[in-house]
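Single-structure report; data block below.
The values are calculated or read from the model by the stated rules, or taken from the named source; none is laboratory data. These numbers were taken from a predicted model, which means no experiment stands behind them. All Cβ positions, even for glycine, are placed from backbone atoms using ideal geometry, and neighbour counts span all protein chains on display.
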Amino acid sequence: MIGYVYILSSGYDPEHGKSLNDPYLGPTPTLGACVPNIRRQVQEGDHIFFISGRIPNARQFVVGGFAVAEKIHALTAFRRFPKQRLREANGGELSGNIIVDARGRHHRLDDHDGFAKRVENYIVGRDPVVLTSPLEISKGREETVDVLSQVLRKRGTKPFDIVGRASKLDEEQALELRHWLLSLKTRS
């Protein structure tokens, strides 16, 4: 088992910014079109963790993570997860992380390049651990840099200093990060 931790795009913060739709961190978490390099490399049982994007006047934090249950094609995901289909939500913000239409073609709302590479390896997760309450998020913001420094054995003043855009984790590091997230949930 291995893991990855990566930083979401600027503005994505569940408390102060845009809603998270890729990854979707509900009861059955998914990762649809983002980070195709990580989605291609992970296998069943590996872990993926997510750090909030940059927001003015808010410290970034590890939002959560999950284990990989399976990898499927986006068209299969379209059929299995109708609530995750790409759509325009309130205020024009996009919601959903399935970038194909019913025929498997590029969805008109997705404006990213590399469609062919982005429809493979849709990740279905299991065992999510996500910081959701204000107290959990506050503790996560406070402790993330120190925990990442400890887990990755690298110093920095912000997550990007430690993980760059993404970092690979060995089994021990992935379990350490997961246990820390679980401890925040039990301390709240």
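Would you pick out the residues in the range 65-82 that are surrounded by fewer than 20 Cβ atoms within 10 Å (Cβ to Cβ) and over 15 Å from residue 100 (Cβ atoms)?
Passing the criteria: 69, 70, 71.
Among the residues that make up the range 34-43, is at least one of them crowded, with 17+ Cβ neighbours inside 10 Å, at pLDDT 95 or above and touching a Ser or Thr at 6+ places or on another chain (Cβ under 8 Å)?
no
Counting residues that are of a type in the set (D, E, K, R) and touching a Gly at 6+ places or on another chain (Cβ under 8 Å), which helices (runs of 4 or more DSSP H) fully inside the range 117-188 reach at least 2?
Working: elements: 134-152, 159-163, 171-187.
So the answer is 171-187.
If you check residue 134 against the conditions, is it touching a residue at least 60 places away in the same chain (Cβ under 8 Å) and surrounded by 13 or more Cβ atoms within 10 Å (Cβ to Cβ)? Break it down stepwise before answering.
Details: touching a residue at least 60 places away in the same chain (Cβ under 8 Å): yes; surrounded by 13 or more Cβ atoms within 10 Å (Cβ to Cβ): no.
So residue 134 fails the test.
Cβ-Cβ below 7 Å, separation at least six or inter-chain, first residue in the range 141-156 and closer than 14 Å to residue 176 by Cα, second hydroxyl-bearing (Ser, Thr, Tyr) and surrounded by 16 or more Cβ atoms within 10 Å (Cβ to Cβ): which pairs?
As it stands, the answer is 152/167, since those pairs meet every condition given.
Take the residues of the range 88-109 that are over 19 Å from the mean Cα position of the chain (by Cα) and part of a strand (DSSP E or B): which is surrounded by the most Cβ atoms within 10 Å (Cβ to Cβ)?
Within the range 88-109, the subset over 19 Å from the mean Cα position of the chain (by Cα) is 88-92, 100-109.
With part of a strand (DSSP E or B) added as a condition, the list becomes 88, 100, 106.
Values: 88: 11, 100: 24, 106: 16.
The qualifying residue surrounded by the most Cβ atoms within 10 Å (Cβ to Cβ) is 100.
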